[in-house]
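Visitor: Here it is: the structure, laid out below.
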Amino acid sequence: MVTLTNEFAQYCCELLSSAGPCVAKRMFGGYGISTDGLTIAILANLGNGDKLWLKASPQTMLLFESAGCERFTYLAKGKIRSMGYYSAPEEAMESMNEMAPWARLALDAALAARQPKGKRAKI
């Protein structure tokens, strides 16, 4: 993983601000973006440049996939693993207005993940 710049993290916080005041914190060579203590996105460079990865839920996965978003995957111990995050749509990276519905989906997914395990679905 390549280290991301703080400028990109701050830009992504601005893009996601419709979900609430965002904070970017360093984690694992990238950043986690949270609002009100909920992680709604991560920033990582998996070798194809800095990317914003939005939290998804089982209910929103198809929305991300139909928009052409890439699922966050990585190689660990020789196996491909994935996390419940998808790349932000390219057009949404250009404005807060375009990002707003995606930011809301990410916030809703974070809120759903906060539920007790028996009450939420896994992805």
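The values are calculated or read from the model by the stated rules, or taken from the named source; none is laboratory data. Predicted model only: the values in this text are computed from it and were never measured. Glycine also receives a Cβ, built like all others from the backbone with ideal geometry; neighbour counts cover every protein chain displayed.
Visitor: Determine whether segment 78-85 contains at least one residue that is modelled with pLDDT of 95 or more and surrounded by 14 or more Cβ atoms within 10 Å (Cβ to Cβ).
Guide: The answer is yes, given that some residue of segment 78-85 is modelled with pLDDT of 95 or more and surrounded by 14 or more Cβ atoms within 10 Å (Cβ to Cβ).
Visitor: Any residue in segment 95-108 that is over 16 Å from Phe8 (Cα atoms), touching a residue at least 24 places away in the same chain (Cβ under 8 Å), touching a Lys or Arg at 6+ places or on another chain (Cβ under 7 Å) and aliphatic (A, V, I, L, M)?
Guide: Looking through segment 95-108, at least one residue is over 16 Å from Phe8 (Cα atoms), touching a residue at least 24 places away in the same chain (Cβ under 8 Å), touching a Lys or Arg at 6+ places or on another chain (Cβ under 7 Å) and aliphatic (A, V, I, L, M).
Visitor: Restricting attention to segment 32-51, and to residues there that are within 17 Å of Arg71 (Cα to Cα) and of a type in the set (D, E, K, R), which single residue is surrounded by the most Cβ atoms within 10 Å (Cβ to Cβ)?
Guide: My answer is Lys51.
Visitor: Within segment 65-108, can you find the residues that are of a type in the set (Phe, Trp, Tyr) and more than 11 Å from the chain's Cα centre (by Cα)?
Guide: Tyr74
Visitor: If you go through segment 61-77 one residue at a time, how many are surrounded by fewer than 21 Cβ atoms within 10 Å (Cβ to Cβ) and under 19 Å from Pro101 (Cα atoms)?
Guide: The qualifying residues number 9.
Visitor: Are any residues in segment 1-31 under 19 Å from Ala92 (Cβ atoms), surrounded by 14 or more Cβ atoms within 10 Å (Cβ to Cβ), at pLDDT 90 or above and not hydroxyl-bearing (Ser, Thr, Tyr), and if so, which ones?
Guide: The answer is Phe8, Ala9, Cys12, Cys13, Leu15, Leu16, Ala19, Gly20, Cys22, Ala24.
Visitor: Just the residues that are in contact (Cβ under 8 Å) with a residue 40 or more places away in the chain and among the hydroxyl-bearing types (Ser, Thr, Tyr), please, taken from segment 69-94.
Guide: Within segment 69-94, Tyr85 is the sole residue that qualifies.
Visitor: Identify the single condition in (1) within 18 Å of Glu7 (Cα to Cα); (2) basic (Lys, Arg); (3) in contact (Cβ under 8 Å) with a residue 24 or more places away in the chain that Lys25 does not satisfy, given that it satisfies every other one.
Guide: (3)
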